[in-house]
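J.: Here it is, the structure, as structure tokens.
The values are calculated or read from the model by the stated rules, or taken from the named source; none is laboratory data. Computed from a prediction, not measured in an experiment: that's the story for all the values here. Quick reminder, even Gly has a Cβ in these numbers, built from the backbone with ideal geometry, and neighbours come from all protein chains shown. Surface areas here come from the heavy atoms of the whole protein model, side chains and all, with no ligands, DNA or RNA. Shrake-Rupley method; radii C 1.70, N 1.55, O 1.52, S 1.80 Å.
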Amino acid sequence: MTKAEAKLPVAILVPGNFNDHAIGRIDKAFQRVRVERADPSLVTDEMRKSVRGIASFGGIDAAMIDALPNLEIIANFGVGYDSVDARHAAARGVMVTNTPDVLTEEVADTTIGLLINTVRELYVAEKYLRDGDWLKHGNYRLSRLTLRGRSVGIFGMGRIGLAIARRLDAFGLQVSYHNRRKVEGLAYEYHATLQGLAEAVDTLICVAPGGAATEKAINAEILSELGSNGVFINIGRGSTVDEAALAAALKNGTIAAAGLDVFADEPNVPRALLEAPNTSLLPHVGSASQHTRRAMADLCVDNLISWFTDRRPLTAVPETINVKARA
Ligand code: 8YV
């Protein structure tokens, strides 16, 4: 039996529903402790004493961290960890890990699918066929929008942004980007501000992380810069968008269309976005294939195993990079 396969006498808290493959591996390697949700009021005395790790889809705030005095690590299932208070974790000496790389290509694929669907109305066209309208009414109408000739701005040029940019290259589209910092050695045009990027393009793809720094960064002003042929795609986090401003921009023709995989208050989607004829909406499925979610589950659990066997993480988030395992 390898070290990784041996059962460790360590309690791992798993709030709410979790990935089945991850649960199977946690059950083999650790003592799994279930709780309905990550809520300090549900933490029992036994949990306070025993829990040393959390595996979760996020939603771990400062109060939850404080409720577990023996907590050493939060293994976040997902690359985005805006719903984990990583700064507070760092201050408390708690490691936070996420699942980068293993979902990059899947999310980039989904982004391109969402972009094409938004611009070429593929879902609506398919529905036309399935509803029998092709037989009854003849050919589907020509799509008003096209990808041809578009200039695409990427907000958030990290691993996923880059994978999207490479795909857009292959489509023959012009790409530029805005990021906190210019990415050295990258040939795409860099804009130091989001406003500058929005002025320069007609298609904006948001891959930026959530959190206070990007809260409602996509507002009425940014959207109006895209112009009446403008297309907005969001695959990052819903919190990055002022959804009321987006709904208004779609309604009054400030922009032409939007494709959204993420929303500010999931699974609630604002009625105005649901009812808009020029939106393509997905239920946060960017990384949601069995293949990729299994790889994410493995990395999430491998981080826990590495921490409790070798006392080091595999993929620490930047805020907790200097957190050391307790003696
Ligand atoms: C997650 C995501 O799987 O990785 C992310 O940041 O957005 C998703 O692909 C989802 O948030 C569940 O944690």
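J.: Considering only C-alpha atoms, what is the centroid distance from the stretch 1-78 to the stretch 271-308, in Å?
T.: Each part's Cα centre sits 20 Å from the other's.
J.: Can I ask one more? Determine the gain in length on full extension of the stretch residue 228-residue 216; use 0.36 nm per residue of separation and subtract their C-alpha separation, reporting nm with one decimal.
T.: Details: separation 12, 0.36 × 12 = 4.32 nm, distance 2.08 nm.
Extra length available between residue 228 and residue 216 comes to 2.2 nm.
J.: Taking a point 7 angstrom from the Cα of residue 49 along the C-beta vector, which residues in the stretch 3-35 have backbone N less than 12 Å away?
T.: none
J.: Stick to Cα atoms and the Kirkwood definition of Rh, then tell me Rg/Rh for the chain. Provide the component values of the computation, followed by the final result.
T.: On the way: Rg = 21.8 Å, Rh = 21.3 Å.
For the chain, the value is 1.03.
J.: Between residue 265 and residue 248, how many nm apart are label points set 7 Å from Cα along the C-beta direction?
T.: 1.8 nm
J.: Checking a compactness column here: for the stretch 142-215, what do you get for Rg(Cα) / (2.2 N^0.38 Å), N being the number of residues?
T.: Dividing the Cα radius of gyration by 2.2 N^0.38 Å gives 1.10.
J.: Here is a follow-up. Would you pull out the residues with amide H under 5 Å of residue 77's amide H, same chain only if 5 or more places away, H placed 1.01 Å from N?
T.: Those qualifying (amide H under 5 Å, at least 5 residues apart or on another chain) are 56, 57, 58.
J.: Taking only Cα atoms and a 10 Å spring cutoff, compute GNM fluctuations for the chain and point out the largest among 23, 218, 60.
T.: With Cα springs under 10 Å in the chain, the top fluctuation among 23, 218, 60 is at 23.
J.: From the backbone phi of the stretch 83-91, what are the Karplus-calculated ³J(HN,Hα) couplings (6.51 cos²θ - 1.76 cosθ + 1.60, θ = phi - 60°) in whole Hz, Gly and Pro given as x?
T.: Listing the rounded values in order: 8, 10, 7, 5, 5, 5, 4, 4, 4 Hz.
J.: Still on this model: At a 1.4 Å probe radius, carbon and sulfur cover how many percent of the accessible area of the chain?
T.: Of the solvent-accessible surface of the chain, carbon and sulfur hold 52 percent.
J.: Straight-line reach from residue 7: which lysines have a Cα under 18 Å away, not including same-chain ones fewer than 8 places off?
T.: 28
J.: Taking θ as phi - 60°, what are the ³J(HN,Hα) couplings along the stretch 216-221 by the Karplus curve (6.51, -1.76, 1.60), each to the nearest whole Hz, with x for Gly and Pro?
T.: 6, 5, 8, 10, 4, 5
J.: Which lysines, if any, have their Cα less than 20 Å from the Cα of residue 127, not counting same-chain residues under 8 positions apart?
T.: 136
J.: Continuing with this model, one more query. Starting from the Cα of residue 289, move 7 Å in the Cα-to-Cβ direction to define the label point; list residues of the stretch 14-55 whose amide nitrogen is under 13 Å from there.
T.: Answer for this model: none.
J.: Could you work out how much longer the chain between residue 36 and residue 63 gets when fully extended? Use 0.36 nm per residue separation minus the Cα distance between them, nm to one decimal.
T.: 8.1 nm
J.: Skip the ligands, DNA and RNA, and give the accessible area per residue of the stretch 264-327 with a 1.4 Å probe, whole Å².
T.: 57 Å²
J.: Let me ask something else about it. Under a point spin-label approximation (7 Å from Cα along Cα-to-Cβ), what is the residue 309-residue 133 distance to one decimal in nm?
T.: Using points 7 Å along Cα→Cβ, the separation is 5.6 nm.
J.: Using DSSP to define loop residues, name the trypsin sites (Lys or Arg not before Pro) in the stretch 246-327 whose beta-carbon has at most 10 other beta-carbon atoms within 10 Å.
T.: Listed in order of number, the matching sites are 324, 326.
J.: Next question, about the same structure. With +1 on the Cβ of every Lys and Arg and -1 on the Cβ of every Asp and Glu, and nothing else charged, how large is the dipole of the chain about its Cα centre, in debye rounded to the nearest 20?
T.: Numbers: 36 positive and 38 negative charges, 128 e Å.
With Lys and Arg at +1 and Asp and Glu at -1, about 620 debye.
J.: For residue 324, go through the aspartates and glutamates and keep the ones whose alpha-carbon is under 15 Å away, minus same-chain ones fewer than eight residues off.
T.: 72, 310
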